[in-house]
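These notes concern the structure reproduced below.
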Amino acid sequence: MKLVSSISWNFPGLETAEKLKEHESTVLRFMSEGRALCVKEENVVVGVLLFSKKHNMICCLAVAPDYRRHGIASALLSKAIEMLDRTRDISVSTFRENDPKGIAPRKLYKSFGFIEGELIEEFGYPNQLFILSAI
């Protein structure tokens, strides 16, 4: 999947060809199980959001670099929030405050009402949970 390879530099844990292939398989599995939202242009996936209803969380949100700042991430996130259980908190992990990779995603999540949560590490990289409180 071209999207995964085009954004791998921005996702800790996808540094090797093996890890990249694993993530591509994960994306395809989520798609086949109905746990993914995709935006396509001319039959090419340019945006994807993976989610878990069981854990009520956003697992991954990615938009191809050439398609950013066109509202794709907002549309995907809005639809995912509709599909998840709003009577429970919704969580997502993203980059920490002083990480340049986190500027856009943190701004996006905050615009949807997510608040900063606990500091965590994923794939040996410092991240932070963001929480959208239950209603």
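Nothing in this text is a laboratory measurement; each read-out follows from the coordinates by a stated rule. All figures in this text were calculated on a predicted structure; none of them were measured in a lab. Positions of Cβ are backbone-derived with ideal geometry, glycine not excepted, and every protein chain shown enters the neighbour counts.
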### Protection-proxy order for peptides 56-65, 84-93, each taking the mean of Cβ atoms within 10 Å per residue, highest first
56-65, 84-93
### Percentage relative contact order, the chain, counting C-alpha pairs under 8 Å, at least six apart
19 percent
#### Entry: Whichever lysines have a C-alpha closer than 30 Å to that of Lys21, once near sequence neighbours (fewer than 8 apart) are set aside
Lys2, Lys40, Lys53, Lys54, Lys79, Lys101, Lys107
### Message
Please report the net charge: other residues with Cβ closer than 14 Å to the Cβ of Ser93, K and R +1, D and E -1.
### Response
-4
### Query
How much length, in nm to one decimal, is gained on full extension between Glu18 and Ser111, taken as 0.36 nm per residue of separation minus their Cα-Cα distance?
30.0 nm
### Message
I'm a student and want to see the number: the projected area of the Cα convex hull of the chain, averaged over all directions, in nm².
### Response
7.9 nm²
